[in-house]
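> This structure is in structure tokens; I'll ask about it shortly.
Values quoted throughout were computed directly from the atomic coordinates according to the rules given, and no laboratory measurement underlies them. The model shown is predicted, which means the values in this text are computed figures rather than measured ones. Cβ: placed from backbone, ideal geometry, glycine included. Neighbour counts: every protein chain shown.
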Amino acid sequence: MSATIIDGKAISQQIKDELKVKCEALKEKGIEVTLAVILVGSDPASQVYVRNKKRACEYIGYNSLSYELPEDTTMDKLLELIEELNSRSDVDGILVQMPLPPHMDEKKVINAIDPSKDVDGFHPMNVGALMVGDKGFVSCTPAGVIQLLKRGVPDLDISGKECVIIGRSNIVGKPMSLLMLRENATVTVAHSRTKNLPEVCKRADIIIAAVGKAGVITKDHVKPGAVVIDVGINRTDDGKLCGDVKFDEVSEIAGAITPVPGGVGPMTIAMLMNNCYEAAAMHKLGE
Ligand code: NAD
């Protein structure tokens with residue numbers, strides 16, 4: 001194996017430790033950081049995500065408010081709760097765990113969150129801010145990828161590099177492309193209709209795969225020495241977690257690569273915690 005393994009677990013720990021110090025400094029000024037987490041229903045994966053977010057808050061020293069609502073909660077009830085949290089001056093961030101039950105309108109729910117408390121970075125105001133280069137909350141997974149590149153491959157100068165992002169979803173691919181553009185990369189967004197994907201990918205110095213299909217990116221997609229970030233979270237037939245990239249063969253030729261698990265995954269929560277800090281600094285320090 002020749003590639004450097006980018007250790008997302010260690011980098012996310014580093015970010016959480018930095019936030020812990022910053023949180024203590026806020027507390028000395030009498031300022032608390034508070035995240036409200038709303039979970040509707042009892043999806044087991046969502047329950048795990050919510051538990052991990054609460055644990056991260058506890059570790060850093062944030063307050064977390066938890067609202068666990070039954071599956072049959074009405075939209076009106078949920079919107080009422082969001083409205084109440086929007087108006088509470090102690091609450092800095094509001095997170096509604098997705099996916100919501102089918103009878104709920106996710107877009108309407110996202111739009112109901114005060115953009116200054118939208119720590120997931122999903123509100124159209126925050127998406128628009130990213131588009132035009134204004135300050136706002138950035139979707140946590142793509143923000144985490146930027147940190148992995150900067151901290152995990154310190155000698156990589158993103159500026160001017162060819163970056164191919166595979167996937168164009170609103171939560172990963174699209175914001176990822178804007179962030180890489182902000183870092184002055186030359187960005188290509190590939191997707192399910194892209195022709196000659198291996199050829200397109202092979203010109204990349206940096207590949208970011210966010211497809212959601214196990215092993216779609218093989219050594220035939222990767223230029224030797226390229227940096228490969230695997231956002232995908234899939235399960236193999238025997239239930240093991242794996243990414244979109246065929247790790248064993250790609251790590252033979254890549255310059256650096258993220259593993260799954262232990263790559264992008266842990267970064268998402270770290271960046272959520274970072275957004276919570278930013279929200280509190282904005283609300284309570286006027287930054
Ligand atoms: P999505 O299904 O919304 O989007 C997938 C994208 O892949 C689409 O834009 C589609 O055009 C493209 N695509 C599908 N098949 C393709 C193919 N054969 N070739 C090229 N492109 C193809 O998914 P998403 O929400 O963006 O998530 C993508 C993956 O990232 C999933 O595995 C998801 O679980 C994972 N994810 C991980 C984290 C994390 O914290 N690590 C966070 C969010 C998503």
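> How high is the relative contact order of the chain, in percent, counting Cα pairs under 8 Å that sit 6 or more residues apart?
23 percent
> Treat each spin label as a single point 7 Å out from the Cα along the C-beta direction, and report the Ser169 to Arg51 distance in nm.
Placing both labels 7 Å along Cα→Cβ, they lie 2.2 nm apart.
> Longest segment of the chain with no trypsin sites (Lys or Arg not before Pro) in a DSSP loop having at most 15 other Cβ atoms within 10 Å?
30-87
> Moving on to the next point. Report ³J(HN,Hα) in whole Hz for each residue of region 279-287, in order, from the Karplus equation J = 6.51 cos²θ - 1.76 cosθ + 1.60 where θ = phi - 60°; Gly and Pro get x.
Per residue, the Karplus-derived 3J(HN,Hα) values read 5, 5, 4, 5, 6, 10, 10, x, 7 Hz.
> Sticking with this structure for a sec: Rounded, prolate or oblate: which fits the chain when a ≥ b ≥ c are the square roots of the eigenvalues of the alpha-carbon gyration tensor, with rounded for a/c under 1.5 and prolate only if a/b beats b/c?
Since a/c reaches 1.5 and a/b is larger than b/c, the shape of the chain is classed as prolate.
> In whole Hz, what ³J(HN,Hα) sequence does region 259-265 give by Karplus (6.51, -1.76, 1.60; θ = phi - 60°), x for Gly and Pro?
x, 10, x, x, x, 5, x
> Further, regarding this structure: Take the alpha carbon gyration tensor of region 198-277, find the square roots of its eigenvalues, order them as a ≥ b ≥ c, and report rounded if a/c is under 1.5; if not, report prolate when a/b exceeds b/c, else oblate.
oblate
> For region 236-243, take each phi angle, set θ = phi - 60°, evaluate the Karplus expression 6.51 cos²θ - 1.76 cosθ + 1.60, and give the result in whole Hz per residue in order, putting x for glycine and proline.
With coefficients 6.51, -1.76 and 1.60, one gets 6, 4, 8, x, 7, 6, 8, x Hz.
> Next question. For each pair in Lys77/Lys284; Lys16/Lys213; Lys9/Lys240; Lys20/Lys246, compute the distance between the two Cα atoms and list the pairs where it is over 25 Å.
Violating the 25 Å limit, Cα to Cα: Lys77/Lys284; Lys16/Lys213; Lys20/Lys246.
> At most 15 other Cβ atoms within 10 Å and a DSSP loop assignment: could you name the GluC sites (Glu not before Pro) in region 50-156 that fit?
Loop-located and lightly packed - Glu71.
> Return the FRET efficiency for the residue pair Gln13, Asp157: r is the Cβ-Cβ distance, R0 is 25 Å, and the value is rounded to the nearest 0.05.
0.50
> Just add up the charged neighbours of Ala209: K/R +1, D/E -1, any other residue whose Cβ is under 12 Å from the Cβ of Ala209.
Result for the neighbourhood of Ala209: 0.
> Return the ratio Rg/(2.2 N^0.38 Å) for region 29-115, where Rg is computed over Cα atoms only.
Compactness ratio reported: 1.08.
> How far, in nm, would the chain grow between Asp248 and Glu83 when pulled straight, counting 0.36 nm per residue and subtracting the alpha carbon separation?
54.6 nm
> I would also like to ask the following. Is the C-alpha gyration tensor of region 3-78 telling us rounded, prolate or oblate? Criteria: a/c under 1.5 is rounded; beyond that, a/b larger than b/c is prolate, otherwise oblate.
Oblate shape, in that a/c is at least 1.5 and b/c is the bigger or equal ratio.
> Run the numbers on region 61-196 and let me know its relative contact order in percent, using alpha-carbon pairs under 8 Å that are six or more apart.
Relative contact order here is 16 percent.
> Return one number: the angle in degrees, 0 to 90 and rounded to the nearest 10, between the long axis of the Cα atoms of helix 8-28 and the longest principal axis of the Cα atoms of the chain.
30 degrees
> Let me ask another. So how much slack lies between Met98 and Leu181, counting 0.36 nm per residue of separation and subtracting their Cα-Cα distance, in nm?
Taking Met98 through Leu181 to full extension adds about 27.2 nm, to one decimal.
> Could you work out how much longer the chain between Asp90 and Met75 gets when fully extended? Use 0.36 nm per residue separation minus the Cα distance between them, nm to one decimal.
The span from Asp90 to Met75 would gain 3.0 nm if fully extended.
> Right, here's the next one. At a Förster radius of 25 Å, what calculated FRET efficiency corresponds to the Cβ-Cβ distance of Asp105 and Glu68, to the nearest 0.05?
Efficiency at R0 = 25 Å is approximately 0.80.
> If we count every other residue with Cβ under 14 angstrom of Gly160's Cβ, Lys/Arg +1 and Asp/Glu -1, where does the sum land?
Residues near Gly160 contribute -1 overall.
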